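The structure appears right after this line, and notes come after that.
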Amino acid sequence: MIIQKTREEIELMRESALIVSKTLGMIASEIKEGVTTLYLDKLAEEFIRDHGAVPSFLGLYDFPNSLCMSPNAQVVHGIPNNVPLKSGDVISVDCGAFKNGYHGDHAYSFEIGEVAPEVKKLLRVTKESLYVGIREFKAGNRVEDVGNAIQKYTEAHGYGVVRELVGHGVGQKMHEEPEMPNYGKRGRGKLFVEGMVVAIEPMINMGTRNIKQLKDGWTILTADGKPSAHFEHDVALVDGKPELLSTFQYIYKALGIESNEEDEFRQVPLVL
């Protein structure tokens, strides 16, 4: 069952989503060659708690940490460890925060040092596909309209779209209906309704779409060992249109990037 949110609930969810966005912005200032993912995980937990929230992922389905940190061929659900990051790495950082009874859930793939041009392109196209998908999250459309748009955009570049892992509704629970696959056929799936809030999150592989799982029971890898990229936003359906609750602007501020990519998805301008 899809749980529709009131305007008041959506604003509470925006607060949770922006705590995640601010956490990722803090991570953007700290993530570099020689830093360990476990160190970044501890920083994130402290930051989230200092902002009056609780890390959503810590203990969720017995996950051991506050961040999922998935470098290179890891797709998602990587467990932070003491291995230092190195130049040329790319890493998905997925974060959740729970405040006022609602979750925020949000991810960004970072470059470490000098990254190969073909990997930079993978990240760029994957992030572009996120917004391609968000544009289809509107009144009158259905779940697979979003997935179809993401699939077409990324497969046109020769990339593999992960099938086994999907986006999802989000609210008082981290994972609510509907599932939001990154592939599909237009006109299929549940109809979008006013007040829905979903996490749209393309997980796109440079090579095969096939994946495998490590024995730790969490870490998902590309089957061919090629890099993967992952970006995620929380989006509400407000007045029949997609309204971003999360933002990459804290990340961009930390990295000195200018971007207006989110402007079309905000009825009220974002104030950092």
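As a size descriptor, the averaged projected area of the C-alpha convex hull of the chain was calculated at 12.8 nm².
Just need the relative contact order of the chain here, percent rounded to a whole number, with Cα pairs under 8 Å and 6+ apart. Walk me through the numbers before you get to the answer.
Values: 690 pairs, mean separation 61.3, N = 272.
Across the chain, relative contact order equals 23 percent.
Using the Cβ-Cβ distance between LYS32 and ASP224 with R0 set to 25 Å, the FRET efficiency from 1/(1 + (r/R0)^6) comes to roughly 0.35. For the range 24-41, putting each phi into the Karplus relation 6.51 cos²θ - 1.76 cosθ + 1.60 with θ = phi - 60° gives couplings of 5, x, 5, 4, 4, 7, 10, 7, 6, 4, x, 7, 9, 5, 5, 4, 5, 5 Hz, in residue order, rounded to whole numbers and with x for Gly and Pro. Solvent-accessible area per residue in the range 1-147 equals 40 Å², computed with a 1.4 angstrom probe and all protein chains kept. If R₀ is 41 angstrom, what is the calculated FRET efficiency for the pair ARG163 and VAL271, using the beta carbon separation as r and rounding to 0.05? That gives a FRET efficiency of 0.60. Average 1/r across all pairs of distinct alpha carbons in the range 54-137, invert it, and you get the Kirkwood radius: 14.2 Å. The radius of gyration of the Cα set in the range 1-89, together with its Dmax, comes out at 14.9, 45 angstrom.
Carbon and sulfur atoms: what percent of the 1.4 Å accessible area of the range 95-157 do they account for? Walk me through the numbers on the way to the answer.
Values: 1090 of 2300 Å².
The computed percentage sits at 47.
The phi torsions of the range 113-125, fed into the Karplus equation with coefficients 6.51, -1.76 and 1.60 and a -60° offset, translate into couplings of x, 8, 9, 4, x, 5, 6, 4, 5, 4, 5, 4, 5 Hz, rounded to whole numbers, with Gly and Pro shown as x. Per residue, the average separation of C-alpha pairs within less than 8 Å and at least 6 apart gives the range 157-250 a relative contact order of 27 percent. Accessible surface of the range 200-272, 1.4 Å probe: 50 percent of it comes from carbon and sulfur atoms. Determine the relative contact order of the range 72-200: mean sequence separation of Cα pairs under 8 Å and six or more apart, normalised by residue count, in whole percent. Relative CO of the range 72-200 lands at 23 percent.
Could you do me a favour and compute the accessible area per residue for the range 207-272, 1.4 Å probe, result in Å²? Walk me through the intermediate numbers first.
Numbers: 3250 Å² over 66 residues.
I get 49 Å² per residue for this part.
Backbone geometry of the range 190-200 corresponds, through the Karplus equation with coefficients 6.51, -1.76 and 1.60 at θ = phi - 60°, to 3J(HN,Hα) couplings of 5, 6, 6, 10, 3, x, 5, 10, 10, 9, 9 Hz, x marking Gly and Pro.
Cβ neighbours within 10 Å, averaged per peptide: list 48-54, 11-17 in order, most packed at the top. All intermediate terms of the calculation are to be shown ahead of the outcome.
Details: 48-54: 16.4, 11-17: 22.1.
Highest to lowest by the protection proxy: 11-17, 48-54.
Between PRO64, PRO80, PRO202, the residue with the greatest mean-square fluctuation in the GNM of the chain (Cα pairs under 10 Å linked by springs) is PRO64. Calculate the length of the line joining the C-alpha centroid of the range 194-261 to that of the range 89-109, in whole Å. For the range 194-261 versus the range 89-109, the Cα centre distance is 9 Å. Within the assembled protein chains, the solvent-accessible surface assigned to TYR183 is about 70 Å², based on a 1.4 Å probe. Projecting label points 7 angstrom from Cα along Cα→Cβ for GLU179 and VAL54 puts them 2.8 nm apart.
Rounded to the nearest 20, the size of the Cβ-charge dipole of the chain about its Cα centre is 580 debye, with Lys and Arg at +1 and Asp and Glu at -1.
Accessible surface for VAL268 stands near 100 Å², nearest 10, in the context of the full protein assembly shown (1.4 Å probe).
May I ask you to compute the full-extension gain from GLN172 to ILE257, defined as 0.36 nm times their residue separation minus their alpha-carbon distance, rounded to one decimal in nm?
Details: separation 85, 0.36 × 85 = 30.60 nm, distance 3.29 nm.
That pair, GLN172 and ILE257, stretches by 27.3 nm at full extension.
The values are calculated or read from the model by the stated rules, or taken from the named source; none is laboratory data. Please read all numbers here as calculations on a predicted model, not as lab measurements. Heads up, the Cβs are rebuilt from the backbone with ideal geometry, glycines too, and the neighbour counts pull from every protein chain shown. Calculation scope for accessible area: heavy atoms of the full protein, side chains included, ligands and nucleic acids excluded. Shrake-Rupley method; radii C 1.70, N 1.55, O 1.52, S 1.80 Å.
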